[in-house]
């Protein structure tokens, strides 16, 4: 915070004593409104302000006029676009991928008593532009009257009312927020801000993988992808310029610029957005349900593709498998002891030198990579490989990459980016804004995929070399967008070769949900690491992402990063959490195979078998997710936005639409459980419970987990034990009926019947 007495300059990071080359231009009352090709064009004058304690117009400088465009879409979405003369409205964007449901609807203007009313042809009100003078009860001349301002109220779905922060101030000259403004530095337009009114009891969620409480009100975030360094801090790998409000609307800021988003943080009366780019392109989405709003967001930015069946099985990994013999031994043992598993992942140890990414197997450690992969595939294993989007100085491909500009040439040696491991450890970043570089990268992956590799872990990508020349855009705009370009390339070539559109990705921006799937990054193997992971996953699901996973039982250990032991109860409780996640992968800095934890190994195997029993349900819910706004991991507010308690619960979730899951995250084996409204049945005991209540201080033995199912739900399950999904025939799935006769999943004679399927196996 700068030492100034008003919120606005704090938000803008202005220092009025030092930055004399910086100026703020505030929107004034529109001078004209007209219709053109179904859009509404609003002529808005902007006036330079004197940056002083009491902000006032600098009338020595002429006003500048810019055009605000208002566009309406048929499914309850209103778009505001203001390019400040330097940008034009377009749907051509890597982030945008409009669905067939998105149709532009013409807007019409009617002037009425100092207001311009914007409506669709059916008479539904979509916006009101107020040009009336504010009503004043004048009794003092001590302070000036409020400046004229841009006063617009939106009705995106014809119901919700979202107003710009037209008069958010302490006193007329001291503003907390401005409805619309832009900044200049040395005469060049460089930043823009837009603010919406916030209600006193309004709650917020989303914005990406956010390791915070469920209600994000009062928080201000920098939307800049960076190495999160765990899951217990403000930094994050996945920032998404989209939020949900308890007032049943969402806002998507169509930009890849570094931005600041304050959810009633700087001003408790406003949601403030500040982009480092002098451009505002904002979609406001209204809906009757949270799912409606999330589906609207996916209608704009794209729907996820369906992950393959094998991906829903267990993935086994650790940071370093150093030889084919070591991997073979592990895989053979899992089959011999009937630990069901579908994927073996090789992280950093398959290269010539650990961490030296050359997209080639070490011939000493892996003398016959194709044969090695083929043998594993015959026994039902898919091979996943780690890599990253940077080229090392001593990599085999460095000369080729430099000579052809496949990596962006550096302009200078960057000192730091605040990460303990990053792009700066490598010679250059692959330039995915350059088509030839993208095709070169795809070629590197194709060699591996042709060999039989099934999935590529697109690690990193949240950091790029900022002091470099990229062909397509400046690094300040590319940094956030990079994750999308990177994952798109990897997913496209994987699908082309294998038929499966899948990656295992860490970073993300708007649109990345099209390329599943993402995992939560480097969590600590501790209770707070588990809790932080869950919080991140819940907000991520409320940011448009259907599929998400996490490292079981956490990535690194304490107190020693690589060599401390993961305690049994953390391993077991995290396993239970993983079973009820869209995907389950074991990974970390040291051994993760269950037999290294002999006291709980039989219990782990039991839960893995449960996971495979639930795969038909997971597939069913995944098919729903790719056609709707639902994620697999669902915050309680997705179903109960009107329940204020649910806006403060971040340690429970719905798994799909039928399961309610409350992971135990402590060594005391106790927790409070909130059952939302409805009738619930304990999945393991068959106990019937009425919702809208708390279960206090519930003791949960290590072999159990609080999991509840909606009464009368029908859960598709697989009735046979298998070692991998290759052994599954989903037409054999059975219906587990959660009725009055249900006694618990592991109890005798559960109510199971054959499922009727259509000609597509549904």
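Only the coordinates and a few stated rules stand behind these numbers; no lab work does. Just so you know, these numbers come straight off a predicted model, no measurement behind them. Backbone-built Cβ (ideal geometry, glycine too); neighbour counts: all protein chains shown.
Sort 290-301, 321-332, 221-232 by the packing proxy (mean of other Cβ within 10 Å over each peptide's residues), most packed first.
Highest-to-lowest ranking by the protection proxy: 290-301, 221-232, 321-332.
How far is helix 615-625 tilted off the main Cα axis of the chain, in degrees rounded to 10, range 0 to 90?
So the inclination is approximately 20 degrees.
Ranked highest first by average number of other Cβ atoms within 10 Å, how do 360-373, 558-571 line up? Before the final figure, lay out the partial values.
On the way: 360-373: 16.7, 558-571: 15.1.
The peptides rank, most packed first, as 360-373, 558-571.
Could you check the spin-label model distance between residue 139 and residue 414? Points 7 Å from the Cα along Cα→Cβ, value in nm.
Result for the modelled spin labels: 5.9 nm.
What Kirkwood Rh does the range 523-613 have if only Cα atoms enter the pairwise 1/r average? Answer in Å.
On the way: mean 1/r = 0.0747 Å⁻¹.
Computed over Cα pairs of the range 523-613, the Kirkwood hydrodynamic radius comes out at 13.4 Å.
Go ahead and run the numbers for FRET between residue 124 and residue 679, Cβ-Cβ distance against an R0 of 35 Å, rounding to 0.05. Present the calculation step by step, with values, prior to reporting the outcome.
Values: r = 38 Å, r/R0 = 1.07.
Efficiency, from the Cβ-Cβ distance: 0.40.
Using the number of other C-beta atoms within 10 angstrom as an exposure proxy, rank 259, 311 with the fewest first. Spell out each step's value before the answer.
Details: 259 22, 311 27.
So the residues, fewest neighbours to most, are 259, 311.
Zone of residue 111 (label point 7 Å along Cα→Cβ, backbone N under 14 Å): which residues in the range 34-64?
34-35, 43
Indicate, rounded to the nearest 5 percent, the antiparallel portion of the DSSP beta bridges found entirely in the chain. List each step's numbers first, then the result.
Details: 121 of 145 bridges.
Restricted to the chain, the bridges split so that about 85 percent are antiparallel.
Per residue, what volume in Å³ does the convex hull of the Cα atoms of the range 293-419 enclose? Mind showing how you got there, number by number?
Details: hull volume 25.1 nm³, N = 127.
So the per-residue hull volume is 198 Å³.
Of [x] -0.65, -0.73; [y] -0.53, -0.67; [z] -0.39, -0.53, which is the value of log10 I(q)/I(0) by the Debye sum over Cα atoms at q = 0.06, 0.07 Å⁻¹ derived from the coordinates here?
[z]
Please give the Cα centre distance for the range 591-666 versus the range 276-290, rounded to the nearest Å.
The two parts, judged by their Cα centres, are 30 Å apart.
Taking 7 Å along the Cα-to-C-beta vector as the label spot, tell me the residue 97-residue 186 distance in nanometres, rounded to one decimal.
3.9 nm
Rounded to the nearest 0.05, what FRET efficiency do residue 672 and residue 439 give with R0 = 56 Å and r taken as the Cβ-Cβ distance? Could you check? Don't skip to the answer; put the middle values down first.
Numbers: r = 54 Å, r/R0 = 0.97.
Plugging the Cβ-Cβ distance into 1/(1 + (r/R0)^6) gives 0.55.
How much of the DSSP bridge set in the range 330-487 is antiparallel, in percent, rounded to the nearest 5?
Numbers: 4 of 12 bridges.
The antiparallel proportion sits near 35 percent.
Hey, what angle do you get for helix 324-336 against the long axis of the chain, alpha-carbon based, 0 to 90 degrees rounded to 10?
70 degrees
Gain in length, residue 64 to residue 90, computed as 0.36 nm per residue apart minus the alpha-carbon separation, to one decimal in nm? All intermediate terms of the calculation are to be shown ahead of the outcome.
Details: separation 26, 0.36 × 26 = 9.36 nm, distance 2.31 nm.
Between residue 64 and residue 90, full extension yields 7.0 nm more.
Roughly what percent of Cα-Cα pairs across the range 506-658 reach past 21 Å?
Working: 5377 of 11628 pairs.
Cα-Cα pairs of the range 506-658 separated by over 21 Å account for 46 percent.
For the range 399-437 and the range 211-258, what is the centre-to-centre distance using only Cα atoms, to the nearest Å?
That distance is 27 Å.
Under the Kirkwood approximation applied to all pairs of distinct alpha-carbon atoms, what is the hydrodynamic radius of the range 651-723 in Å? Spell out each step's value before the answer.
Values: mean 1/r = 0.0759 Å⁻¹.
Kirkwood radius, the range 651-723: 13.2 Å.
With each pseudo-label sitting 7 Å past Cα toward Cβ, what's the residue 323-residue 596 distance in nm, one decimal?
For the pair residue 323/residue 596, the computed spacing is 1.7 nm.
Go ahead and run the numbers for FRET between residue 399 and residue 355, Cβ-Cβ distance against an R0 of 22 Å, rounding to 0.05.
0.65
Which of the peptides 134-141, 386-393 is most tightly packed, and how do the rest follow, going by the mean number of other Cβ atoms within 10 Å of each residue? Could you put the intermediate results ahead of the total?
Working: 134-141: 6.9, 386-393: 21.5.
Answer by packing, highest mean first, reads 386-393, 134-141.
Given the Cα-Cα distance of residue 731 and residue 567 and 0.36 nm per residue of separation, how much length would full extension add, in nm?
Full extension of this stretch gives 55.1 nm more.
According to the Kirkwood expression over distinct Cα-Cα pairs, how big is the hydrodynamic radius of the range 108-183, in Å? Walk me through the numbers before you get to the answer.
Numbers: mean 1/r = 0.0706 Å⁻¹.
Kirkwood radius, the range 108-183: 14.2 Å.
Which angle from 0 to 90°, rounded to the nearest 10, does the C-alpha axis of helix 568-579 make with the longest principal axis of the chain?
Rounded to the nearest ten degrees, it is 70.
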